Amino acid sequence: MRTTPGTGRRSAAPWIAAAVAVGTILSGCGAAGPYPDGTVELMIPWSAGGGSDLSARLFVSELEEPLSATISPANEPGANGAIGWGSLAQADNDGYSVGLLTYDVLSNEILDPTSPALEDFDILAQYEQQELYFYVPSDSPYETAADLEGSNLTVGTSGMGGIDHQAPAALARELGVEWEYVPFDGQADGLTNLLGGNIDAFVFTPTVAAQYVEDGTLRILGTFASERTEEYPDTATFVEQGYDVPPIASFRGIAAPAGLDEEVRATLVEAIETTAQDEEYLAAAAEAGNTPRYRTGEDFEAYMNELRPTIADLLQEMGLAQAAG
Amino acid sequence: MELAATLGNVFTPASLMWIVIGASAGIIVGVIPGLTATVAIALLVPLTLDLDPLHSMLMLTGIFAGSQYSNSITSIMLRTPGNPAGAVTIFDGYPMALKGEAGRAIGLGAWASAFGGIFSVLVLWAFSQLLASVALKFSPVEYFSVAVLGLTTAVAVTGTSKARSLTATALGLLVGVIGTDPLVNLPRFTFGLPELRLGVPFLAAIIGVFAMAEVLRLAEVPGRKTRMVTTIGRILPSWADIRRTFRPVFRGSVIGTIVGILPGGGGAMASFIAYGEAKRVSKKPEEFGKGSIEGLTAPDAAGNGVAGGAMVPLLSLGIPGDAATAVMLGALVIQGITPGPALFDGRGADLVYPLFAGMLLANVAMLIMGLTLARPLASVALLPRSILLPAIATLSFTGAFIATGQTYLLWVTLVFGVIGYLMVRFDYPVAALALGLVLGPILESNLRRGLMLHDGDASVFLTRPISAVLLLAAVALLVVSIWGSRRSRKKAAAKELSTV
């Protein structure tokens, strides 16, 4: 042997590299089988660990079996969801890129003309919905919505123009009052300030403030839902109380880039529908404090389309709408 | 519940196993910069779904403690902070490593973190409901003033000249306004680039200014086989060192616990304030930044003190104090436990007290595992530079990228690497820039919120008592530090004259 062990080792390295390179290329050459054949990526436009993130991860972990594919969630947070939805709208519409759709997709469309619109997506289904309630401290003089006539409140929100800003603004418009809105860093921060007496009211989904209603620290004046809810059957809707507010609710659904192949779409929709009714998912979601509510893609799209002009009007009045460019 | 009885309930083999598994996972994850405790917990929450509530919480607290600890190892050995608080560990930890005292730094860091963690859990155990009501007294007005105090610390304790510190802090604040406006959700200073709407995420930027900048600086030094860190040395802290650092560690623990109780306070601010306080009371402030063990241990204790402090608003109000506790809240809710007043009025007592006991044990486990694992983990830094520098660069990029997978963050790390390199080259304190970046958004949004809540009346910052005290403390700190640095410069000048 003329080669020393040292040089022998060195000469093996390129071969290993070549094997890895060729192997990588070959593995990418698999013949295209029936969908799904490979990993489906789920884009989550919110940061890891938040309510929407945990909900989506829970849902798709149960979706893997009926879809018979691995689903890998990927967070793309930023700019109120616009970054993630922007990249979902531009992803390949081959069924391997899907994403989480939440209420803000409707707001972004009006707040920021560069963000994608509903038409950029193939709406597959809604799987969860949380209703909104109007909370005040129990020591406040307001008992019902009617007491709010002529009031001058400072209302907390978790972001200017977001859902918990639009909802009280819609109520204020019906009441004919003008309130002041102060944006906080999310609902938890808003709750601290409501409990600490720095603000007069806040619109939450029920999970955030439930125990403070139970122990009598906070009072609910009404819900924005179109009918009374299971959680608070004694709480009247604002519509019942004579104030015609739109059915604004926080929802979670699944969408893909527009233009899915019919067969691929049918496979996805079927798997999502199965999961949405799956006992295991329903139990896990209930335990996590999520409220499952299934809507088919068509119903979901119709619901969102019904809300769109209302949101546009509201944001216009709030001075937050941007001219479409 | 009795302390001893509770400890007995938790002290079962199964519980210990979950704590150790959590702490190991935390240590492994924490070594990778960018994978913070928050990300680690978020990734591992699904694994805890099938455990019973106590074991799942023990595992999560183990992850928390473990990742805190290994964040400081990479700060000391590689100048690569795993989280914003780790930036403060670099100030004295990295110089100690370069002096061949890496082991001493790691051992002392482990003792300080464990003390801070245990101290804060005991405070949590004894006073959480009382303290929760204090947290509610903090409105945006007070938060603004805390942030001012934090920034003043940056100017007071960093750099060779106050003007340079001030410049670097201001640069950090300016960079912080790029991106989506925190209150109005509209893009500003984005120059039409969609990526800039994310702003400059401070973790990617901090990894850039510290780790990437150091790679660039060391690449200039000739000799590819040479080592940056040559020995690790003794790890187990000596009795003399523990006695010498007891006071700074104790003060750091108190500061960390207090800042942790305020929702949104955060570890970086606590670490900075603890560092500033340790330097202010020190008899040898000139050693700070050059490998002072007081400067190393005070912020480490504060950083881990925050962990217990942040559990106060989480458990007693149901309000998460930071991102990591927000993920913990999610995990608790999944287990069917809703933190808040209900947890303490009997309904959740069988879980809360074992949880406290578990947090104590997690800190002890972290100390033991930390001291035994320190040598293998730290020996990575002994590799020759030709291997180590590319490895740090790769880790820095991974760290920036890993949490969200957005390529834009790689650019942030690279650009801030160059900025950090230039700052070191021209003697501007990088730490002041980092704190400006971290505190800028807190400062701005609370200033605006405070003004909105009081109809634009700026005098509330002085008429509300807590805020007024905090602002006065900030002014005093600034005056003392400027006066102090003038005097020491005069002294140095006089000394030079006399020796000539």
Practice item. State whether one or more residues within region B:328-335 are part of a helix (DSSP H, G or I), under 20 Å from the mean Cα position of the chain (by Cα), at pLDDT 75 or above and not charged (D, E, K, R). Key: yes
Exercise for review: Looking only at region B:67-80, decide whether some residue is closer than 21 Å to B:Leu236 by Cα and basic (Lys, Arg).
Suggested key: no
Point to revise | Given (1) buried (at least 18 other Cβ atoms within 10 Å of the Cβ); (2) free of Cβ contacts under 8 Å to residues at least 12 places away in the same chain; (3) not charged (D, E, K, R), number of the condition B:Ile387 does not satisfy | key: (1)
Check your understanding: Restricting the search to region B:420-459, which residues are surrounded by fewer than 20 Cβ atoms within 10 Å (Cβ to Cβ), in contact (Cβ under 8 Å) with a residue 40 or more places away in the chain and either touching a Leu at 6+ places or on another chain (Cβ under 8 Å) or not aliphatic (A, V, I, L, M) (or both)?
Key -> B:Arg425, B:Asp427, B:Pro441, B:Glu444, B:Arg448, B:His454
Study note, to complete from the structure: Of A:Tyr294, A:Tyr303, the only residue that is aromatic (Phe, Trp, Tyr), in contact with a helix residue (DSSP H, G or I) (Cβ under 7 Å, 6 or more places away or on another chain) and at pLDDT 85 or above is A:Tyr294
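Modelled with pLDDT under 85, within 23 Å of the chain's Cα centre (by Cα) and either surrounded by fewer than 21 Cβ atoms within 10 Å (Cβ to Cβ) or within 14 Å of chain A (Cβ to nearest Cβ) (or both), is that true of B:Pro313? Reasoning before the result, please.
Working: modelled with pLDDT under 85: yes; within 23 Å of the chain's Cα centre (by Cα): yes; either surrounded by fewer than 21 Cβ atoms within 10 Å (Cβ to Cβ) or within 14 Å of chain A (Cβ to nearest Cβ) (or both): yes.
Here the answer is yes, as B:Pro313 does meet what is asked.
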Review point. Does A:Ser55 count as facing chain B (nearest Cβ under 10 Å) and without any contact (Cβ under 8 Å) to a residue 12 or more places away in the chain?
Key: no
Check your understanding: Taking the stated definitions as given, is B:Phe416 aromatic (Phe, Trp, Tyr), surrounded by 18 or more Cβ atoms within 10 Å (Cβ to Cβ) and touching a Leu at 6+ places or on another chain (Cβ under 7 Å)?
Key -> no
Point to revise | Unique residue being in contact with a helix residue (DSSP H, G or I) (Cβ under 9 Å, 6 or more places away or on another chain) and over 30 Å from B:Phe288 (Cα atoms) when the list is B:Leu462, B:Leu437 | key: B:Leu462
Point to revise | Failed criterion for A:Thr207 (all others in (1) closer than 30 Å to A:Ile44 by Cα; (2) surrounded by fewer than 21 Cβ atoms within 10 Å (Cβ to Cβ); (3) more than 19 Å from the chain's Cα centre (by Cα); (4) hydroxyl-bearing (Ser, Thr, Tyr) hold) | key: (3)
**Study point:** helices (runs of 4 or more DSSP H) enclosed by region A:176-284 - at least 3 residues per element that are touching a Pro at 6+ places or on another chain (Cβ under 7 Å) and under 16 Å from A:Glu128 (Cα atoms)
**Key:** A:262-276
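Given the condition within 17 Å of the chain's Cα centre (by Cα) and in contact (Cβ under 8 Å) with a residue 40 or more places away in the chain, answer yes or no: does some residue in region B:133-143 qualify?
Pass one, region B:133-143, residues within 17 Å of the chain's Cα centre (by Cα): none.
There is no residue in region B:133-143 that is within 17 Å of the chain's Cα centre (by Cα) and in contact (Cβ under 8 Å) with a residue 40 or more places away in the chain.
Listed residues A:Ile248, A:Ile254; which is among the aliphatic types (A, V, I, L, M), out of contact with any strand residue (DSSP E or B) (no Cβ under 8 Å at 6 or more places or on another chain) and modelled with pLDDT of 90 or more? Talk me through it step by step, then tell me what you get.
On the way: A:Ile254 fails: out of contact with any strand residue (DSSP E or B) (no Cβ under 8 Å at 6 or more places or on another chain).
Result: A:Ile248 is the single residue among A:Ile248, A:Ile254 that is among the aliphatic types (A, V, I, L, M), out of contact with any strand residue (DSSP E or B) (no Cβ under 8 Å at 6 or more places or on another chain) and modelled with pLDDT of 90 or more.
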Point to revise | Odd one out for B:Gly103, checked against (1) surrounded by fewer than 24 Cβ atoms within 10 Å (Cβ to Cβ); (2) out of contact with any Lys or Arg (no Cβ under 6 Å at 6 or more places or on another chain) | key: (2)
Study note, to complete from the structure: When region A:155-200 is checked residue by residue, the ones that are within 13 Å of chain B (Cβ to nearest Cβ) and touching a residue at least 60 places away in the same chain (Cβ under 8 Å) are A:Gly159, A:Met160, A:Gly161, A:Gly162, A:Ile163, A:His165, A:Gln166, A:Gly197, A:Asp200
Review point. Within region B:134-153, can you find the residues that are under 22 Å from A:Gly197 (Cα atoms), surrounded by fewer than 24 Cβ atoms within 10 Å (Cβ to Cβ) and more than 9 Å from chain A (Cβ to nearest Cβ)?
Key: B:Val134, B:Glu142
Review point. Can you pull out the helices (runs of 4 or more DSSP H) entirely within region B:423-500 that have at least 2 residues that are within 14 Å of another protein chain (Cβ to nearest Cβ)?
Key: B:430-453, B:465-499
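The values are calculated or read from the model by the stated rules, or taken from the named source; none is laboratory data. Keep in mind that this is a model prediction, so the values were computed, not measured. All Cβ positions, glycine included, derive from the backbone under ideal geometry; neighbour counts span all protein chains shown.
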